[in-house]
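Notes to accompany the following structure.
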Amino acid sequence: MVSFPETMADSKGKKLRHSESRQKKNADFKFTESKSHIVFTLKQIVENNEPILFVIHDSDEADWQFLSGKPVSQKDLVIVSLESLVSTDGSLNDLADLPQGWYATRKSAGEPWDRKMIDQQY
């Protein structure tokens, strides 16, 4: 039988009960997909820190696309881990429950997300 220590330390050395440690870890990443799950985004987002303003959760293959809301050229697309985007923009966790076949937009970083089904007009 596996036993866990009663307490663990967080990254700052503060002692946490085991259940608190798990909750703290999960608070930083709320997606059901693994942290290493690959997603599509743009060079401008990864290299130039452009904000993510348009997110698509495809219905066909459940792919995620994290875009800027500007016109996209195929040469600008890159593949990254889901965790790399969430660690840069924690507000993406608000979309962890976005159903397949839906998209979300916002006017600027920090604004609330507006969610719609893909068959509705972008």
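Just so you know, all these numbers are worked out from the coordinates, no wet-lab data involved. Here the structure is a predicted model, which means the values were calculated and not measured. We place every Cβ from the backbone using ideal geometry, glycine too, and count neighbours over all the protein chains shown.
Label separation (residue 116 vs residue 30): 2.3 nm, computed from points 7 Å beyond Cα along the C-beta direction. Each other residue within a Cβ distance under 13 Å of residue 76 adds +1 if Lys or Arg and -1 if Asp or Glu, for a net charge of +1. Derived scalar couplings between HN and Hα for segment 75-90 equal 5, 8, 6, 9, 10, 9, 7, 4, 4, 4, 6, 5, 5, 7, 9, x Hz in order, rounded to whole Hz, by the Karplus curve 6.51 cos²θ - 1.76 cosθ + 1.60 (θ = phi - 60°), x for Gly and Pro.
Show me 30-36, 79-85, 67-73 ranked by packing, highest mean number of other Cβ atoms within 10 Å first. Provide the component values of the computation, followed by the final result.
Working: 30-36: 12.4, 79-85: 15.6, 67-73: 14.0.
Result, highest mean first: 79-85, 67-73, 30-36.
Phi angles of segment 33-48 translate, via the Karplus equation with coefficients 6.51, -1.76, 1.60 and θ = phi - 60°, into HN-Hα couplings of 5, 5, 4, 8, 3, 7, 9, 9, 8, 10, 4, 4, 6, 6, 8, 10 Hz per residue; Gly and Pro are given as x.
When a/c reaches 1.5 or more, the comparison of a/b and b/c decides; with that in mind, is segment 24-122 rounded, prolate or oblate per its Cα gyration tensor? Taking the square roots of the gyration eigenvalues as a ≥ b ≥ c, segment 24-122 is rounded. In order along segment 101-107, the phi-based Karplus estimate (6.51 cos²θ - 1.76 cosθ + 1.60, θ = phi - 60°) of 3J(HN,Hα) comes to x, 10, 9, 9, 10, 8, 6 Hz; Gly and Pro are listed as x. Residues whose amide H lies under 5 Å from that of residue 50, counting only those 5 or more places away or on a different chain, are 45; hydrogens are built 1.01 Å from N in the peptide plane.
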